[in-house]
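The structure appears below as structure tokens.
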């Protein structure tokens, strides 16, 4: 029988000297390797500047937006980014794909890395765009005559037309134009599909759109979800469509926006319900989430005319139920103190009318007089078609003017300092708001026509008729932040019955930041020999303004203002308008734009005494 092999001890398998040497070498590598790697790894350079050459049709700013690699800032105090050649190569591939999407199939791109100093480089990207692909055919299938809708008017809205450069983005927008038309005219199940034949040798593109409208559908019943405390009738009053009308996503959006204007809801969602294939009536569920019962608003600002200003407002929602709103507002500035309360009661007495009750106290410190007044008004307001809103009501105001120069009192015989004036008025007006953002409008506008009639049989101690009309429009050019804005305002106040002359606190004034910016506050129009404003019985003013994006939240402004005040209505003469032009700068914040404007009077009232320019600093747009 063979004996098993003898087992070896560990010290007999490994030489002790070899083991010691191995441990020593491993220790040395642990200490030396990091230092060696650190010494051998070269420091990455920083990118001092980037130049783009050869781009003619595609702007260099658009090309920069497509780059992923970090770019140096225009601000001199910011540290230049680290440059990595691999990121540049990846961006070159990305730009080639971008140019293909823009209709360039033969673009050549080369780069050059230029050392500037030790550790700094400049990068130059040279682009040879080459010829672009041209749209040579655009056809609808089936032909428009066979479709249930008239699509002929959409030809002018096409973002991609015959002869245009082929772009993927414009092609997608072209399909959306026809699809949105279907969705807004009763065809929510409609489809728009397209085919494109690209010939990169002839550089041509042929487009064929297949439009499948599907069945004509209608609005079904409307359900309210969310268990809101606000009455269901208040919500349904803002619904712009009726059961049985053709389905339209545009009406759903319009209803959502109108519900938000109530300021009762934190979120509003309109959901078309799923229906069987053959069903053409689509029920709508309105899901709402209400806001908090109370909210506090605090505002601070500064302007060169009113200096420091502050506002504190408290809003109560669903006061005693019924969707009622109660606002308590206080305002303070160098020009005025104001405290007022407003109660809004929707659908009063189960009618379509809203009740608005307002009362408050105001004290003003204006260049030509000081006054204080208690006022109250009650109005019935009602929504009308085409976004109009009209009101009819009564206003009562007690006013007491003082601090009026003697020269003014001589010329305005029916103005008496310290006298308590009572104005009891019929209030009426109509208003239409179509702007997209009240703080910084980009499109839409405002139309307002108001009237006050104060006859003696209502108990008014001064009798007058005062209509005022105002129109504002905003237009974003080419869908950008380049905004053209304009406004015009006209008003007259005509004394009637026993009143021969309108007291100073009821007269029109013009000039200043919210009027004609090249002139001092209220200093346009008639003045006393000592230069104190008298105001007038007629007002005409307006503005044209271009709001031009510069960089991120900064925007430049160029404006032309015009206007004047006329002593009597019969003196109104457009040939006597005063003009001012100027420039400004805006920085947009969540609370509105902060701005500085400089206005220059183009035809000063008195060339020897008037200011050469007016400087304005404020928060918010001029209009």
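Read-outs throughout are calculated quantities, based only on the coordinates presented, and are distinct from any laboratory measurement. The structure presented is a predicted model; accordingly, all values stated were derived computationally and were not measured. Every residue, glycine among them, receives a Cβ derived from its backbone with ideal geometry; neighbour counts consider all protein chains shown.
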Worksheet item: Given the Cα-Cα distance of residue 383 and residue 266 and 0.36 nm per residue of separation, how much length would full extension add, in nm?
Response: 39.9 nm
Discussion item. At a 10 angstrom cut-off on C-beta neighbours, averaged per residue, how do the peptides 441-447, 332-338 rank from highest to lowest?
Written reply: 441-447, 332-338
Worksheet item: Measuring from label point to label point, each 7 Å out along Cα→Cβ, what is the residue 64 to residue 498 span in nm?
Response: 7.1
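Report relative contact order for the chain in percent, whole number only (criteria: Cα-Cα under 8 Å, sequence separation at least 6).
Working: 1376 pairs, mean separation 35.9, N = 623.
Relative contact order, the chain: 6 percent.
Full-extension gain between residue 191 and residue 245, please, as 0.36 nm times their residue separation minus the C-alpha to C-alpha distance. All intermediate terms of the calculation are to be shown ahead of the outcome.
On the way: separation 54, 0.36 × 54 = 19.44 nm, distance 2.09 nm.
That pair, residue 191 and residue 245, stretches by 17.3 nm at full extension.
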Worksheet item: Among (1) 203; (2) 366; (3) 149, which one is volume of the Cα convex hull per residue in Å³ computed from these coordinates?
Response: (2)
Worksheet entry | Extension gain from residue 330 to residue 114, taking 0.36 nm per residue of separation minus the Cα-Cα distance | 71.5 nm
Worksheet item: Antiparallel DSSP bridges in region 218-290: what percent, to the nearest 5?
Response: 55
Worksheet entry | Cα→Cβ-extended label distance, 7 Å offset, between residue 410 and residue 165, nm | 7.1
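Could you calculate the FRET efficiency of residue 84 with residue 480 from 1/(1 + (r/R0)^6), where r is the beta carbon distance between them and R0 is 45 Å, rounded to 0.05? Write out the running numbers ahead of the final one.
On the way: r = 33 Å, r/R0 = 0.73.
Computed FRET efficiency for residue 84 and residue 480: 0.85.
Count the DSSP beta bridges whose two residues both fall in region 46-128, then state the antiparallel fraction as a percent rounded to the nearest 5.
Values: 10 of 17 bridges.
Antiparallel bridges make up about 60 percent of those DSSP assigns within region 46-128.
What FRET efficiency, computed as 1/(1 + (r/R0)^6) with R0 = 30 Å and r the Cβ-Cβ distance, is obtained for residue 363 and residue 490, rounded to the nearest 0.05?
So, using R0 = 30 Å, E works out to roughly 0.60.
Go through 128-135, 161-168 and give me the packing order, highest mean Cβ count within 10 Å leading.
Numbers: 128-135: 17.1, 161-168: 15.4.
Highest-to-lowest ranking by the protection proxy: 128-135, 161-168.
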Fill in: On Cα atoms only, tilt of 16-40 relative to the major axis of the chain in degrees
40
Fill in: Pairwise label distance in nanometres, residue 439 with residue 273, each label 7 Å out on the Cα-Cβ vector
3.8
Fill in: region 134-212: antiparallel DSSP beta bridges as a percent of all, rounded to 5
60
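To the nearest 0.05, what FRET efficiency results for residue 152 and residue 587 with a Förster distance of 51 Å applied to their C-beta separation? Intermediate values should be presented prior to the final figure.
Details: r = 45 Å, r/R0 = 0.89.
The value I calculate is 0.65.
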